[in-house]
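J.: Next up is a structure, given as structure tokens.
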Amino acid sequence: MFKMLRHFLMCREAMRRGTSVFLPTATYPMFPEKLAMEGMSLKQGEVCNALTVSVILHSDGCIAEYSVNNSIIKPTYMLTYESASELLHMNLEEEAELKLLSEAASLRLQWRREQGAVDTATIETRIKVPNPEDPEPSINLYVENQADPAMRLVSEMMLLCGEAIATFGSCNNIPLPYRGQPQSNIDVSAFAHLPEGPVRSLAMVRIMRGAEIDLRKPIRHGILGLPGYVQFTSPIRRYLDLLAHYQVKAVLRGDSPPLSAGQLEGMASLVTMQTRVVRRLCSSSLQYWIIEFLRRQPKEKKYRALILRFIKDRVAALLLVEVGLQASAWVSLGTQIGDEVQVRVEEAHPRDDIISLKEVVV
């Protein structure tokens with residue numbers, strides 16, 4: 001009885017939080033940290049319980065066969081994105097499985113594009129402030145390119161898993177948080193004149209509508225180019241993923257799904273609101289620390305800035321490549337969208353969310 005009560009209390013607290021929160025200054029997990037990092041996580045060299053989604057692809061990248069099973073696995077070793085990218089670049093015979101996964105990811109990306117997927121890969125800023133209580137806390141900033149081969153590999157495998165689970169749910173009439181994107185008619189050719197990469201990706205992101213959720217059946221996700229999709233890969237840090245695991249595991253045991261579509265709807269609505277609040281918090285916190293990072297740099301330091309679009313006359317929206325921050329500045333006559341200019345920080349006031357840039361004309 002105590003065990004059931006403790007389980008109920010943990011799940012209720014996880015639902016209240018809705019998601020883990022990752023801030024530059026701290027991490028607030030959805031579950032208690034010790035449980036999330038030890039009891040629930042995969043550990044190198046140890047036997048772990050897991051749920052395995054296996055897929056066989058056709059030669060064009062679409063799913064030929066799939067299976068969903070409870071499993072026991074023993075992870076051989078853990079890889080960071082950086083290590084995986086290095087191994088892929090080295091093309092070692094000993095890492096044939098990694099190369100095969102990378103090739104499968106490329107095949108999937110091509111297939112999704114043929115289904116109308118929109119490539120929104122850009123750069124993403126990561127900041128860690130390990131000692132936020134110090135008068136002058138240190139700031140560790142780095143930028144990740146989402147088009148990096150290792151990041152593409154993981155992203156494509158997560159999407160593949162999501163499509164397989166949506167199909168499994170549909171075939172077994174399982175109420176799940178099926179995610180879809182109604183704006184599937186974006187004319188990609190209308191953006192063909194823009195340079196590939198952040199300029200084109202961010203231009204398309206600006207006109208996209210938010211995702212929708214259907215609790216009864218899969219709906220097409222036009223932006224991802226998938227006939228159906230369920231977020232399933234992060235049950236430790238996203239509550240809707242956890243609910244999807246509850247539903248699927250019940251069916252694997254031969255039981256009926258514990259939650260009806262109506263019950264899921266109420267829970268999903270609450271969690272979605274919580275997630276939006278967390279997303280705004282994370283965004284504002286990240287913005288604050290990026291501006292604080294820039295405030296501390298030498299006044300004469302120059303930054304590479306990519307012209308994303310023109311706001312008015314010669315005032316352009318810019319992307320500071322080294323820090324991943326979007327801002328605006330006046331740029332010289334003759335510069336075009338996609339051009340790279342050099343800028344200097346004139347003012348930086350993180351508490352007021354103010355950043356002022358000036359182009360450095362050579």
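J.: Based on Cβ point charges of +1 for Lys and Arg and -1 for Asp and Glu, what charge dipole magnitude is obtained for segment 114-161 about its Cα centre, in debye rounded to the nearest 20? Don't skip to the end; give the middle numbers.
T.: On the way: 3 positive and 9 negative charges, 17 e Å.
Charge dipole, segment 114-161, about its Cα centre: 80 debye, nearest 20.
J.: Past 27 Å, Cα to Cα, is the threshold; run Lys43/Lys128; Lys74/Lys99; Lys34/Lys249; Lys43/Lys217; Lys128/Lys301; Lys99/Lys217 against it and keep the listed order.
T.: Values: Lys43/Lys128 24 Å; Lys74/Lys99 20 Å; Lys34/Lys249 24 Å; Lys43/Lys217 34 Å; Lys128/Lys301 22 Å; Lys99/Lys217 35 Å.
Check vs 27 Å cut-off fails for Lys43/Lys217; Lys99/Lys217.
J.: Also, I was wondering about something else. Within 10 Å, count the other beta carbons around each residue, average over each peptide in 316-322, 278-284, and list them highest first. Let's see the in-between values first.
T.: Details: 316-322: 20.1, 278-284: 12.6.
Per-residue mean Cβ counts within 10 Å order the peptides as 316-322, 278-284.
J.: Gain in length, Glu94 to Ile56, computed as 0.36 nm per residue apart minus the alpha-carbon separation, to one decimal in nm?
T.: Values: separation 38, 0.36 × 38 = 13.68 nm, distance 2.25 nm.
Between Glu94 and Ile56, full extension yields an extra 11.4 nm.
J.: Run the simple label-point estimate for Asn173 and Gln287 please: 7 Å along Cα→C-beta, distance reported in nm.
T.: Each label point lies 7 Å from its Cα, and together they span 4.8 nm.
J.: Another question, then. If you take the Cα Rg of segment 1-158 and divide it by 2.2 N^0.38 Å, with N the number of residues, what do you get?
T.: Ratio of Cα Rg to 2.2 N^0.38 Å: 1.30.
J.: Starting from the Cα-Cα distance between Val205 and Gln110, subtract it from 0.36 nm times their residue separation and give me the gain in nm to one decimal. Could you put the intermediate results ahead of the total?
T.: Working: separation 95, 0.36 × 95 = 34.20 nm, distance 1.96 nm.
Length gained between Val205 and Gln110: 32.2 nm.
J.: List, in order, the whole-Hz ³J(HN,Hα) value for each residue of segment 300-306 obtained from phi through the Karplus relation with A = 6.51, B = -1.76, C = 1.60 and θ = phi - 60°; use x for Gly and Pro.
T.: Ordered by residue, 3J(HN,Hα) equals 7, 5, 9, 10, 7, 10, 9 Hz.
J.: Any lysines with Cα under 16 Å of the Lys299 Cα? List them, leaving off those in the same chain fewer than 8 positions away.
T.: Lys358
J.: Mind checking the alpha-carbon convex hull of segment 302-359 and giving the volume per residue in Å³?
T.: 72
J.: While we're here: Treating the angle as unsigned and between 0 and 90°, give the value, to the nearest 10°, between the Cα long axis of helix 239-252 and the longest Cα principal axis of the chain.
T.: 30
J.: Same structure, new question: For Leu226, list long-range residues whose amide hydrogen, built 1.01 Å from N in the peptide plane, is under 5 Å from its own amide hydrogen.
T.: Amide H neighbours of Leu226, under 5 Å, 5+ apart: His221.
J.: Under 5 Å between amide hydrogens, which residues at least 5 positions from Leu325 or on another chain qualify, with H placed 1.01 Å from N in the peptide plane?
T.: HN-HN under 5 Å from Leu325: Leu320.
J.: Please give the peptides 308-315, 93-100, 107-114, 28-35 ranked by average Cβ packing (other Cβ atoms within 10 Å per residue), highest first, as a rough proxy for protection.
T.: Top to bottom by mean Cβ count within 10 Å: 107-114, 28-35, 308-315, 93-100.
J.: Now for a separate question. Beta carbons within 10 angstrom, averaged per residue: use that to sort the peptides 56-68, 230-242, highest first.
T.: Numbers: 56-68: 13.5, 230-242: 21.5.
Ranking the peptides 56-68, 230-242 by packing returns 230-242, 56-68.
J.: What FRET efficiency comes out for Glu340 versus Leu79 if R0 is 35 angstrom and r is the Cβ-Cβ distance? Round to the nearest 0.05.
T.: Working: r = 32 Å, r/R0 = 0.92.
Rounded to the nearest 0.05, the efficiency is 0.65.
J.: Between Val360 and Arg16, what is the label-to-label distance in nm when each label sits 7 Å out along the Cα-to-Cβ direction?
T.: 5.1
J.: Dividing the alpha-carbon Rg of segment 14-295 by 2.2 N^0.38 Å yields what? Don't skip to the end; give the middle numbers.
T.: Working: Rg = 19.8 Å, N = 282, 2.2 N^0.38 = 18.8 Å.
Cα Rg divided by the expected 2.2 N^0.38 Å: 1.06.
J.: Hey, what number do you get for the chain at 222 nm if only DSSP H runs of n ≥ 4 count, each worth -39500 (n - 2.57), divided across all residues, to the nearest 500? Could you put the intermediate results ahead of the total?
T.: On the way: 7 runs with 125 residues, N = 362.
Computed mean residue ellipticity for the chain: -11500 deg cm²/dmol.
Quick note: the coordinates plus some simple rules give every number you see, no bench work behind them. This is a predicted model, so every value here is computed, not measured. When we count neighbours, we look across all protein chains shown, and the Cβ atoms used for this are built from the backbone with ideal geometry, even at glycine.
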